[in-house]
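The values are calculated or read from the model by the stated rules, or taken from the named source; none is laboratory data. Model, not experiment: these values are computed from the prediction. No Cβ is skipped: glycine too gets one built from the backbone with ideal geometry, and neighbour counts run over all protein chains shown. Accessible surface areas use protein heavy atoms only, side chains included; no ligands, DNA or RNA. Shrake-Rupley method; radii C 1.70, N 1.55, O 1.52, S 1.80 Å.
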Amino acid sequence: MVKISPSVLSANFLDLKEQIEKLEQAGVDMWHLDVMDGIFVPNISFGVPVIKSIKKYAKAPLDVHLMIDRPHRYIKEFAEVSDYLGFHYEAGSDVAATLKEIREYGCKSCLTIKPCTEPEEIFEFLPLCDMVLVMSVEPGFGGQKFMPSALPKLEKLKEEIKRQNLNVELEIDGGINAETAKLAVNAGASVLVAGSFIFSAEDMNACVDSLKNGL
Ligand code: DX5
Ligand code: ZN
């Protein structure tokens, strides 16, 4: 069954504890944490101290999405508070070395691609990945519209993962709602990130259910 990873960026931070509790009861599988540095993306979010507090309270694994320039400089710090740790192919680090380092710290490694990157560019790194994240919006902000160009990328990655006989999860992030979730899962996504769709819902339980079971 597809996994749901709510993007905390869209949460009400004053109410975070209650929202975490409610959504874990609704059956979410991990927590997606968007770290932005104002350089790699034109927005600034949160860093290690906020994630550390969430880690103390949340039961589901933490899926940390680094949108920072030259992420290899911060892998150690973030690995201490992450379960899945991902960074961008385009962010200026040695990709293979950074993926290996993440695994050495005991985290699941995740390589992320922006809408401008073709999946073939990362095929050689798949054996070092536990998960690949395909962005279906330009990284930086929640609440944007899903880009269908992400779908053939999922298909190509799924095929290549099979061809190389690997076990790599495929995650999609940006503009996911009940409809786009269906498209993404049909194209091969096994983990759905959703921010505004979940946190703006009146009934978050029904919303998670529509993502998981409305397929
Ligand atoms: C965008 C972030 C996303 C974002 C998703 O840069 O990586 O995780 O919060 O938000 P929605 O689901 O609203 O597009
Ligand atoms: Zn994200």
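From the C-alpha gyration tensor of the chain, pull out the three semi-axes of the equivalent ellipsoid (sqrt of 5λ each), sorted largest to smallest, in whole Å.
Each semi-axis is the square root of five times an eigenvalue, giving 24, 21, 16 Å.
Quick one: if you take sqrt(5λ) for each eigenvalue of the C-alpha gyration tensor of region 119-215, what semi-axes come out, biggest first, whole angstrom? Write out the running numbers ahead of the final one.
Details: eigenvalues 126, 39, 23 Å².
That gives 25, 14, 11 Å for the three semi-axes.
Would you pull out the residues with amide H under 5 Å of Leu133's amide H, same chain only if 5 or more places away, H placed 1.01 Å from N?
It is Leu111, Thr112, Ile113, Glu171, by chain and number.
Among Glu77, Glu118, Glu90, which one moves the most in a GNM of the chain with springs linking Cα atoms closer than 10 Å?
Glu77
In whole Hz and in residue order, list the ³J(HN,Hα) couplings for region 183-193 that follow from phi through the Karplus curve 6.51 cos²θ - 1.76 cosθ + 1.60, θ = phi - 60°; x for Gly and Pro.
Karplus values, whole Hz, x for Gly and Pro: 4, 5, 5, 4, 7, x, 5, 10, 9, 10, 8.
Protein chains only, probe 1.4 Å: how do Cys116, Cys129 rank by accessible area, largest first?
Ranking Cys116, Cys129 by accessible area, largest first, yields Cys116, Cys129.
Which order do Tyr89, Tyr84, Tyr57 take when ranked by solvent-accessible area (1.4 Å probe, heavy atoms of all protein chains), largest first?
Values: Tyr89 60, Tyr84 15, Tyr57 85 Å².
Largest accessible area first, the residues go Tyr57, Tyr89, Tyr84.
Where is the GNM fluctuation largest for the chain (alpha-carbon springs, 10 angstrom cutoff): Ser45, Ser82, Ser109?
Checking each option, the largest mean-square fluctuation is seen for Ser45.
For the chain, report the accessible area per residue in Å² (1.4 Å probe, heavy atoms, rounded to an integer).
I get 46 Å² per residue for the chain.
Under 12 Å from a point placed 7 Å out from the Cα of Phe13 along the Cα-to-Cβ direction: which residues of region 42-86 have their backbone N that close?
Of the residues in region 42-86, 44-51 have backbone N under 12 Å from the label point off Phe13.
Using only protein heavy atoms and a 1.4 Å probe, report how much of Arg73 is accessible, in Å² to the nearest 10.
Surface accessible to solvent at Arg73 totals approximately 110 Å².
Rounded to the nearest 5, what is the percent of antiparallel bridges among the DSSP beta bridges in the chain?
Bridges in the chain that DSSP calls antiparallel: roughly 5 percent.
Taking only DSSP H segments of four or more residues, each worth -39500 (n - 2.57), what value at 222 nm results for the chain once the sum is divided by all its residues, to the nearest 500 deg cm²/dmol?
-9500 deg cm²/dmol
Starting from the 7 Å offset along Cα-to-Cβ, what nm value, one decimal, do you get for the label separation of Lys145 and Met1?
So the label points at Lys145 and Met1 sit 3.3 nm apart.
Glu155: accessible area at probe 1.4 Å, nearest 10 Å²?
Accessible area, nearest 10 Å²: 100 Å².
Give the separation of the Cα centroids, region 22-69 to region 150-186, in Å.
One Cα centre to the other: 21 Å.
Using only the heavy atoms of the protein chains and a 1.4 Å probe, how would Met36, Met147 rank by accessible area, largest first? Provide the component values of the computation, followed by the final result.
Values: Met36 10, Met147 65 Å².
If we order Met36, Met147 from most to least accessible, we get Met147, Met36.
Report, to the nearest whole %, how much of the accessible area of region 68-215 belongs to carbon and sulfur atoms, 1.4 Å probe, protein only.
47
Pulled fully out, how much extra length does the chain show between Asn213 and Arg163, if you take 0.36 nm times their separation in residues and subtract their Cα-Cα distance? Mind dumping the intermediate values first?
Values: separation 50, 0.36 × 50 = 18.00 nm, distance 2.86 nm.
Stretched out fully, the Asn213 to Arg163 stretch lengthens by 15.1 nm.
Where does the charge balance sit around Phe40 when Lys and Arg score +1, Asp and Glu -1, over other residues with C-beta under 13 Å from its C-beta?
Spelling it out: positives minus negatives among the neighbours equals -2.
Please find, in a Gaussian network model of the chain (springs between Cα atoms separated by less than 10 Å), the residue of Ser190, Ser136, Ser200 whose mean-square fluctuation is greatest.
Result: Ser200 has the largest fluctuation of those listed.
Before anything else, pin down the relative contact order of the chain: Cα pairs under 8 Å, at least 6 apart, normalised by residue count, whole percent. Show your work: numbers first, answer last.
Details: 427 pairs, mean separation 45.3, N = 215.
Relative contact order of the chain: 21 percent.
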